[in-house]
Amino acid sequence: MTIIAPKPGLKAWEDVRHKLDHGPSFGAMSGTPYFREAVYEQFSAAEYARRYKLFRDKMRDAKIDVAIVPGGPSHWSFGGGMLWLTGHWEWHALAAYLVVPLEGDPTLVYAMGGTHAEAVRRVTAAAISDVRHSRNGRYAEVMVERIQELGLGKGRIGLLEIDPRHGDYLPVNQFNVLREKLPDAEIVFTEGWMHELLSIHSAEELDCVRKAGVLCTNAMNAIAARARPGVHEYELRAAAGAAILEGGGDIDFLIIGTTPMSDPAQVFGNPRPSWRKIEDGDLILMELAAGYRGYSAQVGSPICVGEPLEPIRRFWDEIAKPGFVKMAAEIKPGNPVDALRIAGQFFREKGVQSRPVHCHGIDLVTDGPHVYADHIDVEPFEEIMKPGMVIMAEPNPISADGMLGMFVGHTFIVTETGSECVDEFPLELVVAGRGA
């Protein structure tokens, strides 16, 4: 969309072009020629219309007049509803906030002004036309101004979570401003809206999940190619990250660690890859997550530096691989999520243990349903697997003595007839340096 006139608090290009060294003028610029050559992939108008209809249907059901939809860069947000409704992935701040009225245009309140905001206006052009800067963190003041413009100062304001996994909403200072400056409004804390809306993905969204799967494959191959004696763990992280970024993606997380096959003392990758130097005879354990336009896929599979020792080979052949295959076979439409928990009993039956979590869903990032070794945590709408759901099967068997573990994880789309793995990394015990 083209911005026809500056929004309140913004200034037209002709008003600022000769005084760009004046901070308030620079910060309030709008409608400039900057970034006019920038190219961004965009979801279709029909896709955004679908999203806004679904979201506003939720608002109507909850009798919400205007919603504040945040999204941040953390794993448990990864842009959240703000990204879903605008296409913007936040990286500056704790969150950016989208003000969505039941009727009328939505407004994105973004951290920065100036050229940063102009770039965001280009990115979000297919979804919204109103992007305002926070005026140095005064998000709530800007949101209040917009809510009053809409004549909704006495309405019901719905707050969505920044971090739905941990139940975190907007910061207390922002909340206090809303409460102080909108004393006649009713503020409502919603719960779990975005996961329900994202549980079943559209065709355009699934294409992004597939692209994220390609990035995961590239990252795994980069680790296998880089790993050799003398290389530090953090260099494996650098190789994986570069592969994701070079493919136009975003890094969600890169969990990578190493341990000797002859004397293992690690059951899962290291969330903080260290300066440890790889040695011949090491086992590399990892879990990676790559994002593409906000949609992520995850992957992990053990990689050996040198020929796998017999105990390592046997644990893979008899425990890790068949356990994963058994679990992945249960990912299909119409199957209850609890079937995944039952499949995971394989490990205890074989005399080993595992990490508690065996499977989970992905909306933008990790979310329900969650499948654990001894129970499942699901919402009613996701008890049965349906086409369009995305499931990460990630059993992590651990030896009976607790010293050796092997994370094996691949991301699956539930299809009409079964499932589709979105990465192409082989389900084999890969040896570094030989290619995948």
Could you give the dipole magnitude of the chain about its Cα centre, charging the beta-carbon of Lys and Arg +1 and that of Asp and Glu -1, in debye to the nearest 20?
880 debye
May I ask which of Lys58/Lys332; Lys58/Lys386; Lys277/Lys350; Lys211/Lys332; Lys7/Lys181 have a Cα-Cα span longer than 23 Å here?
Lys58/Lys332; Lys277/Lys350
Taking 354-363, 318-327 and ranking on average Cβ neighbours within 10 Å, highest first, one gets 354-363, 318-327
Can you give the angle from 0 to 90° between the axis of helix 172-181 and the longest principal axis of the chain, with both taken from C-alpha atoms, to the nearest 10?
20 degrees
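At a 1.4 Å probe radius, carbon and sulfur cover how many percent of the accessible area of region 316-436? Intermediate values should be presented prior to the final figure.
Details: 2340 of 4710 Å².
Taking all protein chains in place, region 316-436 shows 50 percent carbon and sulfur surface.
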If you fit an axis through the alpha-carbon atoms of helix 203-226 and take the longest principal axis of the Cα set of the chain, what angle between them do you get, 0 to 90°, nearest 10?
50 degrees
The chain: Cα Rg divided by the 2.2 N^0.38 Å rule of thumb:
1.07
Please report the relative contact order for the chain, taking Cα pairs under 8 Å with a sequence separation of at least 6, and give it as a percent rounded to a whole number.
13 percent
Going toward the positive end of the dipole of the chain, with +1 on Lys and Arg Cβ and -1 on Asp and Glu Cβ, which of Leu197, Pro333, Ala343 do you reach last?
Leu197
So for region 94-234, considering every pair of alpha-carbon atoms, how many percent are separated by more than 18 Å?
68 percent
Cut-off under 5 Å, modelled amide H: who pairs with Phe407 long-range:
Met286
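Region 278-341: percent of C-alpha pairs farther apart than 17 Å? The partial results should precede the final answer.
Values: 1222 of 2016 pairs.
Counting pairs separated by more than 17 Å, the tail of P(r) holds 61 percent.
Working from the alpha-carbon coordinates of region 304-368, get Rg over Rh, Rh being the Kirkwood radius. Working shown, then result.
Details: Rg = 14.1 Å, Rh = 13.5 Å.
Rg/Rh: 1.05.
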Kirkwood hydrodynamic radius over Cα pairs of region 108-174, then Stokes diffusion coefficient at 37 °C and 0.692 mPa s, in µm²/s
245 µm²/s
Return the distance in nm (one decimal) between the two label points of a simple spin-label model at Ser129 and Arg36, each offset 7 Å from Cα along Cα→Cβ.
1.9 nm
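Report, to one decimal in Å, the Kirkwood hydrodynamic radius for region 279-436 based on all distinct Cα pairs.
On the way: mean 1/r = 0.0626 Å⁻¹.
Value: 16.0 Å, from the Cα pair sum.
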What is the packing order of peptides 413-421, 180-188, taking the mean over residues of other C-beta atoms within 10 Å and listing the highest first?
413-421, 180-188
Under a cut-off of 14 Å between alpha-carbon atoms, report the aspartates and glutamates in cross-link reach of Lys11, not counting same-chain residues fewer than 8 places apart.
Glu118, Asp130
Between rounded, prolate and oblate, where does region 138-177 land on the alpha carbon gyration tensor, with a ≥ b ≥ c its root eigenvalues, rounded for a/c under 1.5, else prolate if a/b exceeds b/c?
prolate
Expressed as a whole number of Å, what is the distance separating the alpha-carbon centroids of region 122-171 and region 320-351?
42 Å
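Once neighbouring chains are kept in place and the probe is 1.4 Å, which whole percent of the accessible area of region 229-304 is contributed by carbon and sulfur? Working shown, then result.
Details: 1370 of 2720 Å².
Its accessible area is 50 percent carbon and sulfur atoms.
The values are calculated or read from the model by the stated rules, or taken from the named source; none is laboratory data. Bear in mind the structure is a predicted one, so any value in this text is a computation, not a measurement. Note: ideal-geometry Cβ built from the backbone for every residue, glycine included; neighbour counts use all protein chains shown. All accessible areas refer to the heavy atoms of the entire protein, side chains included, with ligands and DNA or RNA removed. Shrake-Rupley method; radii C 1.70, N 1.55, O 1.52, S 1.80 Å.
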